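The values are calculated or read from the model by the stated rules, or taken from the named source; none is laboratory data. Quick caveat: nothing in here was measured; it's all calculated off a predicted structure. Here the Cβ positions follow ideal geometry from the backbone for every residue, glycine too, while neighbour counts run over all protein chains shown. Accessible surface is based on the protein model in full, side chains and every heavy atom, while ligands, DNA and RNA are left aside. Shrake-Rupley method; radii C 1.70, N 1.55, O 1.52, S 1.80 Å.
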Amino acid sequence: MVWLYLLVCLVAGALMPLQAGVNAQLARWVGHPVTASLVSFAVGTLGFTAGAEMSGLSRSPAVASACRSLLRQAGARCRVRTRAAPAGPSSGD
């Protein structure tokens, strides 16, 4: 398992210079570095949100609602699986 962590670290370190180049190209394409940062952040946020949804990590109603809102704004469809609240004691018992 240690080798897997080392491989992930190596790949992440090798890809970091690529991110700088991509950000520079994006800044040229949109015309301003701040706009490029906003686009990059928005795409990353949507990607992480979609990944959390697909992996089932977004099971709380608040997270599920935020996920639906973000993905709806992006034009995607979101099918959220939420857990039902535990039933409390009934008043007739």
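Anything in segment 31-55 that is open to solvent by less than 50 Å² (accessible area, probe 1.4 Å) and free of Cβ contacts under 8 Å to residues at least 24 places away in the same chain? List them, or say none. Listed by number, the residues that qualify are Ala36, Ser40, Ala42, Gly44, Gly47, Thr49, Gly51, Ala52.
Residue pairs whose Cβ atoms lie under 8 Å apart, separated by 6 or more positions or on different chains, with the first residue in segment 1-21 and farther than 23 Å from Ser40 by Cβ and the second surrounded by 10 or more Cβ atoms within 10 Å (Cβ to Cβ), do not occur. Would you say Leu7 is open to solvent by 70 Å² or more (accessible area, probe 1.4 Å) and at pLDDT below 90? So Leu7 does not fit the description; no.
Would you tally the residues in segment 40-62 being among the aliphatic types (A, V, I, L, M) and modelled with pLDDT under 70?
Step one: filter segment 40-62 for residues among the aliphatic types (A, V, I, L, M), giving 42-43, 46, 50, 52, 54, 57, 62.
Now narrow it down to the ones that are modelled with pLDDT under 70: 57.
Within segment 40-62, residues that are among the aliphatic types (A, V, I, L, M) and modelled with pLDDT under 70 number 1.
For segment 1-53, give me each residue that is aliphatic (A, V, I, L, M) and closer than 30 Å to Arg68 by Cβ.
Residues of segment 1-53 aliphatic (A, V, I, L, M): 1-2, 4, 6-8, 10-12, 14-16, 18, 20, 22, 24, 26-27, 30, 34, 36, 38-39, 42-43, 46, 50, 52.
Result: Val22, Leu26, Val30, Val34, Ala36, Leu38, Val39, Ala42, Val43, Leu46, Ala50, Ala52.
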